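The values are calculated or read from the model by the stated rules, or taken from the named source; none is laboratory data. Note that the structure is predicted; figures quoted are calculated from it, not measured. Cβ: placed from backbone, ideal geometry, glycine included. Neighbour counts: every protein chain shown. Surface areas here come from the heavy atoms of the whole protein model, side chains and all, with no ligands, DNA or RNA. Shrake-Rupley method; radii C 1.70, N 1.55, O 1.52, S 1.80 Å.
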Amino acid sequence: MERVDVAIVGGGPAGTAAAWEAAQAGASALVIEKGIPRADREGMGPDSTDAAGLLDYWVDLMGFGPEDIPDEVILRTLDGADFVGPSASVSIDGTGIESSYPAFGLAFHRAKFDDWLREEAEAAGATYRVGDSVTGVDTSLTGGHSHTLSLSNGEEVEAEYLVLADGPQRTVTIEALDQFTGDRSMASVLDPSQVNHIAYQEHRDVPAEVFEPTRIKFWWGLMPGHTAYPWVFPNDDTVARIGLTMPIGLDIDEFDREHWALLGDDDERIPQGKEYIERLLEREYPEYDLADFPLVEDRGKRGGTETYAISSTRPIESPTAAGIAVVGGAMGGTSAFHEGGDHVAVRTGRIAGRLAGRERLAGYNQAWQNVLGDEILRNVTMAEVVREYTPADWDRAFDAADKMFNRGEHSMLGTIRAGIPGLKLLLEYHSRKRGFTSGGYVQFAESEYGV
Ligand SMILES: Cc1cc2nc3c(=O)[nH]c(=O)nc-3n(C[C@H](O)[C@H](O)[C@H](O)COP(=O)(O)OP(=O)(O)OC[C@H]3O[C@@H](n4cnc5c(N)ncnc54)[C@H](O)[C@@H]3O)c2cc1C
């Protein structure tokens, strides 16, 4: 049986970053990635949703400097973001958070990003095995901790430390953690069918005159469901990634069709992603035909389109006494509010890998909260604030935010000018935030594991 110091399940940003750090710390590190084919990658690799975005301060949160990300990974630098409601909107040209990255953010090629992380991990000495799935984990706590991983090819791997980086579907995480959760299955906290959203995106060539090369755009209050929204991200040339995210299994009868611009009076069920995107394009660009936005079929997973699960919940802590760290999407590190998660994935992976490599994993939960706590608190709070938002609430919020942002972020003057809606927005944010401070955003604490 192969034996390693640190075994990592999943070779996305979180798992690969963990392998990189563990190897740099001098440990033997093995990534097992089941391997997904993509139109934009030769051979199998991690399940990389194409072209993603990073805000300026996310680069710092990853623990990278602006110059660290290779040029070929970056598709564009961004100047700002537009948030559009049914009839009000707000545009921002800065995140308002101190950062070393010199632009508002960047759109990047996720497959190339993942491949770059893998090259770095391998250069540091990690081994990256693609094409086999981990099918189960058996942990022994006799005389320390050791983990036996069963692979789809029938082999087994033994490791002293285990990093679970299998992403939002948590194909291994839930069962591996259930070894220590007693009667309360981790599925009650992280069941993918309950706590994940579905994300659908298309690569489309956009008419040059309406293509916005340096801005990302989000529409809120057009489709029902908690944190359900479409977006446009510019990629290279005039190609944009146009997509949406929404909760799984919504019942259309729970929503008033008249209130939601992207629902039709005759809809018998919640529209599929493709239908939503077509309706968005028709609504936003009435002077064009859909044929003016052709699909770019040689990208993505299937003919220019991609469907993904995305984690939309709050993070858990890991049972470090068992030598296990859960990282990235698997731990619930992706924000329900804006889907951003690569920065949390990379940083939690790096911290877990470094600590496992140095045999000091006990510090993991505290360490990621020290570095990422503010970011997670912001994301969790915003997702809660908007939980019951109606289209009218979105308009009010954007109107208020527009006045505040355009007259000094959150200043008293801005608040006064934004009036009652502005005050309400701020008060609501602050009162929700209070409920999550002191680690209250963690939905399963280390102390709850029976280790
Ligand atoms: C459509 C979409 C758009 C997004 N946009 C952004 C964005 O703009 N910015 C941003 O920061 N984030 C974005 N995200 C979120 C971001 O993609 C995730 O937060 C990030 O991928 C999490 O990284 P990860 O390594 O934890 O998980 P993943 O990237 O999901 O990687 C998990 C890996 O584990 C492998 N795996 C799973 N099970 C097994 C198994 N049993 N055995 C072996 N391997 C296994 C999978 O094949 C996969 O490669 C987006 C997500 C989606 C779906």
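A compact table of results
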item: Of all residues making up region 329-348, the number that are outside any loop (DSSP other than H, G, I, E, B), in contact with a Leu (Cβ under 9 Å, 6 or more places away or on another chain) and either of a type outside the set (V, I, T) or open to solvent by 10 Å² or more (accessible area, probe 1.4 Å) (or both); result: 5
item: Considering residues of region 336-345 that are closer than 23 Å to I174 by Cβ and within 8 Å of the ligand (Cβ to nearest atom) only, the residue nearest to the chain's Cα centre (by Cα); result: G341
item: In region 49-67, residue surrounded by the most Cβ atoms within 10 Å (Cβ to Cβ) [restricted to those that are among the charged types (D, E, K, R) and under 21 Å from the mean Cα position of the chain (by Cα)]; result: D50
item: Tally, over region 131-168, of residues that are part of a strand (DSSP E or B), charged (D, E, K, R) and under 21 Å from R354 (Cβ atoms); result: 1
item: Filter pass, M382 being open to solvent by 10 Å² or more (accessible area, probe 1.4 Å), within 30 Å of G65 (Cα to Cα) and at pLDDT below 95; result: yes
item: Members of region 13-65 that are hydroxyl-bearing (S, T, Y) and within 9 Å of the ligand (Cβ to nearest atom); result: T16, S48, T49
item: Candidates R170, R204 - the one that is within 15 Å of the ligand (Cβ to nearest atom), at positive phi and among the charged types (D, E, K, R); result: R170
item: Top-ranked residue in region 109-124 [being open to solvent by less than 40 Å² (accessible area, probe 1.4 Å) and modelled with pLDDT of 95 or more; ranked as farthest from the ligand (Cβ to nearest atom)]; result: A124
item: Unique match (being closer than 21 Å to N235 by Cα and at pLDDT below 95) among P66, P46; result: P66
item: Restricting region 298-325 to residues that are in a loop (DSSP other than H, G, I, E, B), over 20 Å from A345 (Cα atoms) and touching a strand residue (DSSP E or B) at 6+ places or on another chain (Cβ under 8 Å), the residue that is farthest from the ligand (Cβ to nearest atom); result: G303
item: Residue, farthest from V385 (Cα to Cα), within region 244-275, restricted to residues that are without any contact (Cβ under 8 Å) to a residue 60 or more places away in the chain and outside any loop (DSSP other than H, G, I, E, B); result: E275
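Yes or no, residue by residue, for (1) touching a residue at least 12 places away in the same chain (Cβ under 8 Å); (2) farther than 25 Å from E388 by Cα:
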| residue | (1), (2) |
| --- | --- |
| S185 | no, yes |
| D191 | yes, no |
| V195 | yes, no |
| R204 | yes, yes |
| E209 | no, yes |
| T214 | yes, yes |
| K217 | yes, no |
| M223 | yes, no |
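Okay, residues lined up against (1) surrounded by fewer than 18 Cβ atoms within 10 Å (Cβ to Cβ); (2) of a type in the set (A, V, I, L, M, F, W, C); (3) assigned by TED's automatic domain parsing to the domain that holds L295:
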| position | (1), (2), (3) |
| --- | --- |
| A126 | no, yes, no |
| T142 | yes, no, no |
| S152 | yes, no, no |
| E158 | yes, no, no |
| R184 | yes, no, no |
| A187 | yes, yes, no |
| Q201 | no, no, yes |
| V210 | yes, yes, yes |
